[in-house]
Amino acid sequence: MLKLSKLATAMALAAGALAVQAAEVEVLHYWTSGGEAKSVAELKKMLEAKGHKWKDFAVAGGGGDNAQTALKSRAVAGNPPAAAQVKGPAIQDWANEGMLANIDAVAKAEKWDDLLPKVVGDVMKSKGNYVAAPVNVHRVNWMWANPDVLKKAGVSGMPKTWDEFFVAADKIKKSGDVALAHGGQNWQDFTVFESVALGVGGAKYYNDALVKLDPKALQSPTTTKVLETFKKLKGYTDNASNGRDWNLTTAMVIQGKAGFQFMGDWAKGEFTAAGKKPGEGFLCAAAPGTANAYTFNVDSFILFKLKDAGAQKAQADLASAILSKEFQEVFNQNKGSIPVRLGHDMSKFDACAQLSAKDFVATAKSGGLVPSVAHGMAIKPAAEGSDQRHDQRLLE
Ligand code: GAL
């Protein structure tokens, strides 16, 4: 009898301990398209396997502008979520507000300094402490194509220069399909614009003009050429382009209604979710003129300071899951990106991802690795916004 009651007490204590450890984790993200939803579901699965409860705070809107607005209003109200999808220099803005949790304990135990490329690790830290966990590396300067549309138009192979692109696009237009699938939203315009700038001007011009905002580079004849090339693309888009979401735009290529799309490799998540394989159902290549360069875009989660011990444990478990080999493997295969962990075995990834991994390493050495401005990797959101308005004025 005594034994039994001791057992019951022990069980009750264990259950109590579990109750302190397990918590609800509210996660703000903007991964709502087909491929994205499949990817984020993996994170939820892994967190719930550790005994926590995932509270989804999904805010639709490509590029995450809507999500950042929602996050700001929750933070201002003093009620931030446990974790939020925030990246690049914006991480520092949140850290400077004193709102972020220090996740050094996990980072040290799991050797993040050794696991992550320095260029990534540095962005995840504030005053030397980790305050964000990176999930992936997206390449932005991609061109996607439907092989059947190209074939029907008599286009053989992916264009390597902008001149070649316009020749191919003319042929597709003539054969009755949309040459360029494009969603006319600010962030999508800017995504295409930076690939044009990189392709026309090269990595040094890109860095000088778009990252350093050097007036000499901005006022150079190269900028005129970039703007002319960018403007010319409009003539190859369809009338319904204005305001269209990026994934519906990718769907035009998937369904054979359009030839090309310029978009980061989250677009590959859509092709994959639709059961398409690279080389068969779709083609991938670096945007014209950018084969030796790489615009990187690293997604990450910041964790907010929370008082509850259970919530803190759940945050640590989330950070740990994000950098785990298992998560990096399955998440990135769905998402279209590559693992952020150095030296990850890429043998199960598709050919586009393998090219991305190879080019990431090669361009880091050659100087062709540049931050994506359109995706918040280079300058703080406020500066990026005013640049965008500047570009638009130039186009008017
Ligand atoms: C990017 C983000 C990606 C992707 C895309 C569309 O900025 O880094 O993860 O999902 O926006 O929303």
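The values are calculated or read from the model by the stated rules, or taken from the named source; none is laboratory data. Computed from a predicted structure; not experimentally measured. Here Cβ is always computed from backbone atoms with ideal geometry, including for glycine, and neighbour counts include all displayed protein chains. These area figures cover heavy atoms from the full protein model, side chains too; ligands, DNA and RNA do not enter into them. Shrake-Rupley method; radii C 1.70, N 1.55, O 1.52, S 1.80 Å.
Structure summary
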{"quantity": "Helix-only mean residue ellipticity at 222 nm for the chain, each DSSP H run of n ≥ 4 adding -39500 (n - 2.57), per residue, nearest 500", "calculated": "-15500 deg cm²/dmol"}
{"quantity": "Loop-located trypsin sites (Lys or Arg not before Pro) in the stretch 172-276, at most 14 other Cβ atoms within 10 Å (DSSP)", "calculated": "Lys212, Lys257"}
{"quantity": "Rounded if a/c under 1.5, otherwise prolate or oblate - the stretch 177-263, Cα gyration tensor axes", "calculated": "prolate"}
{"quantity": "Accessible area of the stretch 142-292 belonging to carbon and sulfur atoms, whole % at 1.4 Å probe", "calculated": "52 percent"}
{"quantity": "Orientation-averaged projected area, Cα convex hull of the stretch 142-292 (nm²)", "calculated": "8.3 nm²"}
{"quantity": "Rounded to 10°, Cα long-axis angle of helix 325-335 versus longest principal axis of the chain", "calculated": "40 degrees"}
{"quantity": "Residue among Ala105, Ala67, Ala251 with the largest mean-square fluctuation in a Gaussian network model of the chain, springs linking Cα atoms under 10 Å", "calculated": "Ala105"}
{"quantity": "Segment Ser73-Lys53, length gained on full extension (0.36 nm per residue, minus Cα span)", "calculated": "4.9 nm"}
{"quantity": "With Cα atoms, 0 to 90° folded angle of helix 309-323 axis to the chain main axis", "calculated": "40 degrees"}
{"quantity": "Proximal charge balance of Asn96 [Cβ under 12 Å; K/R count +1, D/E count -1]", "calculated": "0"}
{"quantity": "The stretch 122-152: trypsin sites (Lys or Arg not before Pro) in DSSP coil with no more than 10 other Cβ atoms inside 10 Å", "calculated": "Lys127"}
{"quantity": "Rh by Kirkwood over Cα pairs, then Stokes-Einstein D for the chain at 1.306 mPa s and 10 °C, µm²/s", "calculated": "72 µm²/s"}
{"quantity": "Contact order relative to length of the chain, as percent, for alpha carbon pairs under 8 angstrom and 6 or more apart", "calculated": "28 percent"}
{"quantity": "Unit charges at the beta carbon, dipole of the stretch 149-215: most positive-side option, Ala203, Val167, Phe193", "calculated": "Val167"}
{"quantity": "Dipole moment magnitude, nearest 20 debye, the chain about Cα centre, only Lys, Arg, Asp, Glu C-beta charged", "calculated": "400 debye"}
{"quantity": "Partners for Lys216 among aspartates and glutamates (Cα-Cα distance below 20 Å; same-chain residues under 8 apart left out)", "calculated": "Glu194, Asp208, Glu228, Glu384, Asp387, Asp391"}
{"quantity": "Heavy-atom surface of the chain, accessible at 1.4 Å and reported per residue (Å²)", "calculated": "45 Å²"}
{"quantity": "About the Cα centre, charge dipole magnitude for the stretch 142-292 (Lys/Arg +1, Asp/Glu -1 at Cβ), debye", "calculated": "240 debye"}
{"quantity": "The stretch 205-242 versus the stretch 306-368: alpha-carbon centroid distance in Å", "calculated": "31 Å"}
{"quantity": "Ile254, Ile322, ranked by accessible area, largest first (probe 1.4 Å)", "calculated": "Ile254, Ile322"}
{"quantity": "The chain: angle of helix 162-174 to the longest principal axis, Cα-based, in degrees nearest 10", "calculated": "80 degrees"}
